[in-house]
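Only one structure is covered here, and it is reproduced in the block below.
The values are calculated or read from the model by the stated rules, or taken from the named source; none is laboratory data. Given the structure is predicted, the values throughout are model-derived calculations rather than measurements. Every residue, glycine among them, receives a Cβ derived from its backbone with ideal geometry; neighbour counts consider all protein chains shown.
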Amino acid sequence: MTQRIDDYALIGDLQTAALVGRDGSVDWLCLPRFDSAACFAAILGDENNGHWRIAPKGATTCASRGYAEDSLVLETYWETRTGTVRVVDFMPQRDRSPDLMRIVEGISGSVEMSAVLRLRFDYGSIVPWVRRADDHRVAIAGPDSVWLRSEPHVKTWGQQFSTCSSFTVDAGERVAFVLTWHPSHEPRPALVDPYEALEQTLADWREWSARCTYEGPHRDAVVRSLITLKALTYAPTGGIMAAPTTSLPEELGGVRNWDYRSCWLRDSSLTLGALLAAGYVEEAAAWRDWLLRSVAGDPADLQIMYGPAGERRLPETSLPWLRGYADSAPVRTGNAAVDQFQLDVYGEVMDSLYRAREAGIPPERHAWNLQLSLLGFLESTWREPDEGLWEVRGPRRHFTHSKVMAWVAADRAVRTLESDPSLPGDAARWRAMRDEIHAQVCARAYDPVRNTFTQSYGSRELDAATLLIPRVGFLPPDDPRVVGTVDAVRAELTQDGFVRRYSVDSGAVDGLPGQEGTFLVCSFWLADALRMTGRADEARELFDRLVGLTSDVGLLAEEYDPATGRQLGNFPQAFSHIGLVGTAFVLAAAETAG
Ligand SMILES: OC[C@H]1O[C@H](O[C@H]2O[C@H](CO)[C@@H](O)[C@H](O)[C@H]2O)[C@H](O)[C@@H](O)[C@@H]1O
C-alpha cells in the first residue's frame with residue numbers, strides 16, 4: 001500500500017535529500033544533486049523503481065521516530081517480540097562523494113534484521129550490474145556507481161536484481177551501512193567512518209540550530225521549519241530549492257504533478273526572508289551571490305527559476321515508466337513555467353535584497369546595479385498581463401498580486417535610495433512608477449460592490465495572494481479594503497478554515513483539469529492577515545491548527561486536503577515552511593508589541 005506523503009521523513013546533506021518511510025524504506029533519492037536522476041524512485045512507482053529498506057524481519061511499520069535534537073539525523077524506533085532497535089539515518093554534509101548512512105543500534109534484547117537494496121538508476125528505469133569489490137558491493141550503470149559497505153559479519157547476497165542482507169543486532173551493538181555515489185569512471189571513493197560522520201553531522205546541525213534567534217510560540221516547529229529550509233539550500237552555490245521532489249500530486253490520481261527541484265526566484269526570496277528573520281545572514285549573502293551569477297545578462301532574459309547552479313534550460317518532460325504516486329500521472333521532470341512571464345518575481349527579488357541590506361549584509365555594487373537594471377525593465381513591462389505567482393497555464397491576465405509586487409519593486413528601490421542617498425539612481429522616477437501602479441491597482445483590481453480586491457482586473461474571482469497586501473505595505477492593515485478582502489477570501493476560498501489559493505472549479509484561470517487541496521502557505525497568510533487586522537485570537541487559533549498539521553517529524557507538503565486529512569503535493573515544500581516561520585514572527589512581534 002502506498003504510504004501517505006506525510007509518512008516520509010527528510011534527510012539530506014545540503015546537496016541532495018532522501019525520503020525515508022515509516023516502513024524503514026528510503027523511497028526517494030537523487031544523486032549526486034537535488035535535480036539529478038533518482039536512483040530510488042519507489043515513491044513514484046513501486047519497489048522495482050528503486051528503494052532501500054532496513055527493518056526487523058517481518059515488521060511493517062516503526063513504533064516511533066523523530067530527529068535527534070535539532071538536527072536532520074533521523075532516529076526510527078522498532079519494537080519487536082524479541083527486542084528493540086533504533087535505525088539512525090543521515091547524510092553527512094560533504095565536500096566529496098555523497099553518502100547515505102544507516103546505523104542500526106540494539107537497544108534491548110536481540111532483533112533479527114533484514115535489508116533489501118534495489119538500485120535503479122535514471123528514475124527507476126535502469127537495473128545496474130552489481131559485483132563484489134573487497135568489502136563492498138558496487139552497482140554500476142552508465143555514469144553512475146553506488147558502493148555499499150557494511151560490517152563483515154552481515155550476510156549479504158544477490159537476489160532478483162537486488163542486494164539482500166540479514167543480521168542480528170543485540171543490545172548495545174551497532175551495525176552500520178554506508179551507501180556512496182561516485183562517478184563510475186573514477187577510482188573507488190574514499191572510505192568514511194560512519195560513527196565519526198554521525199558525530200560530525202550532529203555537531204554541524206547542533207551548531208547551526210543554536211544560532212536561531214526566534215523566541216515565541218511553537219518554537220520547536222519554527223526551528224524544524226528552519227532546518228528544513230536549510231536542508232533545501234544547495235550549499236556549493238547558495239541556490240535554494242522549492243522542494244526536493246517531483247510530481248507528488250496536488251490531487252490523488254490527478255495530473256497536477258510538477259517538478260520542484262529548481263530554484264524559483266520567488267520561493268527562494270521568501271525562504272531568505274524566513275532565514276534572515278531568524279538570524280541566518282550567511283545564507284542570504286550566499287543566495288545574493290547565486291542570484292547575481294544566475295541572472296547575469298539582459299534583464300529581458302530573466303527567468304523565474306534556475307537550476308541549483310544557475311542552469312537555464314529546464315525542459316519539461318514526462319517519465320512514462322513511472323505510474324506516479326497513487327497512480328497520479330504524468331511524472332514530470334523540468335518545468336514549463338520556466339518560460340513564463342511572472343511580474344511578481346521582480347518585487348520579491350527587490351524586497352529580499354532590500355531586507356538583506358537592512359540586516360547588515362555588506363552592500364555589493366553589482367547587486368545594486370542588478371536592481372537598477374531590473375527596475376528599468378519593469379518600468380517598461382509592468383503594464384503587461386502575466387502568468388502570475390500561481391504560474392497558471394491558462395491565458396495571461398492582469399493579476400492583482402503581480403501588480404502589487406511590481407509596486408513593491410519600485411517601493412524598495414525608493415526606500416533604498418532614501419536610506420542611502422550616495423547610491424546612484426533616480427528616486428523620483430521610481431516614486432512616480434510606484435504611485436502610478438498603486439493608483440491603477442486601486443482603480444482596477446478593487447470591487448467596491450463586494451468590498452474586496454479580486455484576482456485580476458475586472459474579474460469576479462478571488463485570490464489568496466491578495467492577503468499579502470498589508471504584509472508588503474501596499475495598504476495599511478486597517479484600510480477597509482484590506483479588511484473586506486480578508487473577509488471575502490475567508491468566506492469564499494476556505495475549506496474547514498484552510499485556504500485555497502483560488503477557485504479551480506471552472507479550470508478557466510489555471511487552464512488545468514481536476515481539483516487541488518487547500519494551499520498551506522495561503523492559510524498561513526490568512527493567519528497573518530487576521531493578526532494584522534486585529535483578530536488576534538482567530539489568528540492564533542488558525543496558527544495552532546496549521547502547526548497541528550505538521551507530520552510526526554514536523555514536515556509540511558505544499559497542500560492539505562481537509563476531507564481526507566492528507567497532505568498533498570511536493571514534500572517537504574519550502575513555501576509551507578516559509579509560511580509557518582512567517583506567521584510565528586508576525587504573532588511573536590504582535591505579542592511583544594502588546
Ligand atoms: O498551478 C500550476 C503550477 O504549479 C506549480 O507552481 C507552484 O509551485 C511553485 C514552486 O513552489 C510556486 O512558485 C508557484 O507559486 C506555485 O503555483 C508548477 O511549478 C507550475 O509549473 C504549474 O504551472
Within region 201-215, considering residues that are polar (S, T, N, Q) and surrounded by 14 or more Cβ atoms within 10 Å (Cβ to Cβ), the one farthest from R174 (Cα to Cα): S209
Residue list for region 512-564, filter: in a loop (DSSP other than H, G, I, E, B), within 15 Å of E251 (Cβ to Cβ) and within 16 Å of the ligand (Cβ to nearest atom): L512, P513, G514, Q515, E516, G517, A557, E558
Close pairs from region 242-265: first of a type in the set (V, I, T), partner near the ligand (Cβ under 8 Å from one of its atoms) and in a loop (DSSP other than H, G, I, E, B), Cβ under 6 Å, at least 6 apart: T245/N570
A367 in a loop (DSSP other than H, G, I, E, B), surrounded by fewer than 21 Cβ atoms within 10 Å (Cβ to Cβ) and away from the ligand (no atom under 13 Å from the Cβ): no
Pairs with Cβ under 8 Å, 6+ apart, first in region 184-205 and touching a residue at least 60 places away in the same chain (Cβ under 8 Å), second part of a helix (DSSP H, G or I): W205/I227
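Of the residues that sit in region 1-18 and are among the hydroxyl-bearing types (S, T, Y) and either out of contact with any strand residue (DSSP E or B) (no Cβ under 8 Å at 6 or more places or on another chain) or within 17 Å of G565 (Cα to Cα) (or both), which one is modelled with the highest pLDDT?
Step one: of region 1-18, the residues among the hydroxyl-bearing types (S, T, Y) are 2, 8, 16.
Still in the list and also either out of contact with any strand residue (DSSP E or B) (no Cβ under 8 Å at 6 or more places or on another chain) or within 17 Å of G565 (Cα to Cα) (or both): 2, 8.
Working: T2: 80, Y8: 98.
Top of the filtered list is Y8.
Pick out the one residue from V441, V449 that is among the β-branched types (V, I, T) and surrounded by fewer than 18 Cβ atoms within 10 Å (Cβ to Cβ). Full working, then the answer.
Details: V441 fails: surrounded by fewer than 18 Cβ atoms within 10 Å (Cβ to Cβ).
Exactly one of V441, V449 is among the β-branched types (V, I, T) and surrounded by fewer than 18 Cβ atoms within 10 Å (Cβ to Cβ), namely V449.
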Hits in region 533-549 - residues which are crowded, with 22+ Cβ neighbours inside 10 Å and under 25 Å from V73 (Cα atoms): L546
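Hey, among the residues in region 277-293 that are under 17 Å from the mean Cα position of the chain (by Cα) and either closer than 15 Å to A367 by Cβ or of a type in the set (S, T, N, Q) (or both), which one's surrounded by the most Cβ atoms within 10 Å (Cβ to Cβ)?
That would be W287.
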Residue count for region 565-594, restricted to those that are within 16 Å of the ligand (Cβ to nearest atom), assigned to a helix (DSSP H, G or I) and not hydrophobic (A, V, I, L, M, F, W, C): 4
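Determine if region 216-226 includes at least one residue that is among the polar types (S, T, N, Q), crowded, with 19+ Cβ neighbours inside 10 Å and either touching a residue at least 60 places away in the same chain (Cβ under 8 Å) or in contact with a helix residue (DSSP H, G or I) (Cβ under 8 Å, 6 or more places away or on another chain) (or both).
The answer is yes, given that some residue of region 216-226 is among the polar types (S, T, N, Q), crowded, with 19+ Cβ neighbours inside 10 Å and either touching a residue at least 60 places away in the same chain (Cβ under 8 Å) or in contact with a helix residue (DSSP H, G or I) (Cβ under 8 Å, 6 or more places away or on another chain) (or both).
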Qualifying residue in region 390-399 (condition: at pLDDT 95 or above and more than 16 Å from the ligand (Cβ to nearest atom)): yes
Residue tally, condition surrounded by fewer than 24 Cβ atoms within 10 Å (Cβ to Cβ) and not polar (S, T, N, Q), over region 452-467: 4
Residue that is nearest to the ligand (Cβ to nearest atom) [pool: residues in region 228-265 that are farther than 16 Å from Q15 by Cβ and surrounded by fewer than 22 Cβ atoms within 10 Å (Cβ to Cβ)]: R256
Any pair with Cβ under 6 angstrom, 6 or more apart, that starts in region 38-51 at a residue that is over 17 Å from S328 (Cα atoms) and ends at one that is of a type outside the set (A, V, I, L, M, F, W, C) and part of a loop (DSSP other than H, G, I, E, B): C39/G50; F40/G50; G50/R120
